[in-house]
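A.B. asks: Sharing a structure here in structure tokens format.
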Amino acid sequence: MQTYSIAHNRVRAIFFLHGAAFSSWVPHIPLVQERLELGHNDLGGILLAAAIGVLAVMPIAGRLSDRFGSERVVRYSGLVYFIAVGLPAFMPSYLSISIAMFALGFSGAFLDVAMNANGLNVERAKGRSIMSGLHGFWSLGGFAGAGFAALWFALPIGIEYHLPTVLALFLVLHIIAQAGLLPDGAANKAATEGQPDPQATHSQPKTKERSMFLVLLPFGVCAFIGQFGEGVITDWATVFMNSELSSGATMAAIGFAIYSCAMAVTRLSGDALVTKFGRAPVLLTSSVLASVGTFIIALAPHYIVAWIGCGIAGMGLAVILPLLLSAASKATGKAGGSVVSIIAATGYSAIMAGPPIIGAIGEITGLVTAFALTASFLGMIIPVYLLTMRQRLQIAGNG
């Protein structure tokens, strides 16, 4: 059990570093837009390149994680990711930055699938829900990365030195952390030796009778909706505050840090909330909060009001994905890369597909309308649950 605790802490560290690296890049988006004189539609096109990178990796990431071991895929994809995150900020043209964004999306999604697969396997070995907490550490990393970026931008230090400095540190820490990850074989051995396995439930026979895709489709739809909103706020909230509310780069970075902090606090308590109230109430409440928070951002008269919206939206979006991953794994009786890759095919792609769509809408109707439409879309989780997910969440239980 001590080995599983060590592995749990190491995968927490991987989640933290992934989030810190990505949020260190986010405050540079409006700066890149200004430097290259990009319109909203042009910026959306660049973000679309990252979405294509995400979609390109989805068919293979889960399979490679299951075949070679998620811990190995985490090891090598991380080496690429922590280099790729820093490239877009230094590209001199639209074409070069599009290629760099493709590399960021590809490597980031590869690491994302593998670390979630490893987290599900640690959950199997420990016999209790940990996925929300792992995503909480991702958000803690996001808060730390965005907060440090805001501090760096406020100091008389060259902004161009920010990403190379922090990413070099993250790369070293990743090399240290990945050495203690739990091998997938150890998780499977723990399950077969009679340790508690939250995934091995009475739902397994049902999975054999129906297509895996059809079983997971409602989970994937809800993941798509939630991740669409998360992608929009991640890539466009700082731009919205900077361009629509005249916040400046530092105040916009603070807004994103508030969003990341709210997600971290909610995710760290998410496993306890699911256990106490059940998956369905937590999912429905999350949908409402995400929608309301995004509406507040859209209608905010001042960037301080937008900060409040960022906090509420962060609370709402926090546990949607980890809740769905854990529930899908338990409802199907499968864990690791197979579940993560299927959910990711619909959910993770949205976090990259949402921003370019909103960029196109923002170019035509304005970012206020684009954010209002995003808020309305986030509320669609409720009818999806009412129509398709009641029985499946009952099978999954409360974690």
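A.B. asks: Within the set of pairs 6 or more residues apart or between chains, which connect a residue that is under 21 Å from residue 366 (Cβ atoms) inside the range 27-53 to a residue that is in a helix (DSSP H, G or I) and among the hydroxyl-bearing types (Ser, Thr, Tyr) with Cβ atoms less than 6 Å apart?
C.D. replies: Pairs that qualify, where the first residue is under 21 Å from residue 366 (Cβ atoms) and the partner is in a helix (DSSP H, G or I) and among the hydroxyl-bearing types (Ser, Thr, Tyr), are 30/238; 46/98.
A.B. asks: Continuing with the same structure: Give 345, 327 a once-over and let me know the one that is crowded, with 24+ Cβ neighbours inside 10 Å and farther than 30 Å from residue 248 by Cβ. Spell out the reasoning first.
C.D. replies: Working: 345 fails: crowded, with 24+ Cβ neighbours inside 10 Å.
Selected residue: 327, the only one of 345, 327 that is crowded, with 24+ Cβ neighbours inside 10 Å and farther than 30 Å from residue 248 by Cβ.
A.B. asks: Also: Only one of (1) open to solvent by less than 40 Å² (accessible area, probe 1.4 Å); (2) within 20 Å of residue 58 (Cβ to Cβ) is not met by residue 97, so which one is it?
C.D. replies: Failing condition for residue 97: (2).
A.B. asks: Something else about it: Considering each of 285, 294, 234 in turn, give the residue that is among the β-branched types (Val, Ile, Thr), within 27 Å of residue 109 (Cβ to Cβ), assigned to a helix (DSSP H, G or I) and out of contact with any Gly (no Cβ under 7 Å at 6 or more places or on another chain). Working first, answer last.
C.D. replies: On the way: 285 fails: within 27 Å of residue 109 (Cβ to Cβ); 294 fails: out of contact with any Gly (no Cβ under 7 Å at 6 or more places or on another chain).
Criteria check complete, one pass: 234.
A.B. asks: Can you tell me which residue among 191, 253, 186 is surrounded by 15 or more Cβ atoms within 10 Å (Cβ to Cβ), modelled with pLDDT under 85 and within 30 Å of residue 301 (Cβ to Cβ)? Steps first, please.
C.D. replies: On the way: 191 fails: within 30 Å of residue 301 (Cβ to Cβ); 186 fails: within 30 Å of residue 301 (Cβ to Cβ).
Sole residue among the options that is surrounded by 15 or more Cβ atoms within 10 Å (Cβ to Cβ), modelled with pLDDT under 85 and within 30 Å of residue 301 (Cβ to Cβ): 253.
A.B. asks: Moving on. Where in the range 1-83 are the helices (runs of 4 or more DSSP H), entirely inside, with at least 3 residues that are among the charged types (D, E, K, R) and open to solvent by 60 Å² or more (accessible area, probe 1.4 Å)? It would help to see each step written out before you state the result.
C.D. replies: Numbers: elements: 2-25, 29-36, 40-68.
Fully inside the range 1-83 and qualifying: 40-68.
A.B. asks: Limited to the range 54-71, what total is found for residues that are in contact with a helix residue (DSSP H, G or I) (Cβ under 7 Å, 6 or more places away or on another chain) and either free of Cβ contacts under 8 Å to residues at least 12 places away in the same chain or not small (Gly, Ala, Ser) (or both)?
C.D. replies: Within the range 54-71, the subset in contact with a helix residue (DSSP H, G or I) (Cβ under 7 Å, 6 or more places away or on another chain) is 54-58, 61-66, 69-71.
Remaining after also requiring either free of Cβ contacts under 8 Å to residues at least 12 places away in the same chain or not small (Gly, Ala, Ser) (or both): 54-55, 57-58, 63-64, 66, 71.
Summing the residues that are in contact with a helix residue (DSSP H, G or I) (Cβ under 7 Å, 6 or more places away or on another chain) and either free of Cβ contacts under 8 Å to residues at least 12 places away in the same chain or not small (Gly, Ala, Ser) (or both) in the range 54-71 gives 8.
A.B. asks: Take the residues in the range 72-99 that are among the small types (Gly, Ala, Ser) and without any contact (Cβ under 8 Å) to a residue 40 or more places away in the chain, then tell me which one is nearest to residue 180 (Cα to Cα).
C.D. replies: If we filter the range 72-99 for residues that are among the small types (Gly, Ala, Ser), which is where we start, we get 77-78, 84, 86, 89, 93, 96, 98.
Then keep just the ones that are without any contact (Cβ under 8 Å) to a residue 40 or more places away in the chain; that gives 77, 84, 96.
Numbers: 77: 16, 84: 24, 96: 36 Å.
Only one residue tops the list, namely 77.
The values are calculated or read from the model by the stated rules, or taken from the named source; none is laboratory data. Keep in mind that this is a model prediction, so the values were computed, not measured. Ideal geometry is used to build each Cβ from the backbone, glycine not excepted, and the neighbour counts take in all protein chains shown. Each accessible area value is taken on the protein alone, full model and side chains, heavy atoms only, with ligands, DNA and RNA left out. Shrake-Rupley method; radii C 1.70, N 1.55, O 1.52, S 1.80 Å.
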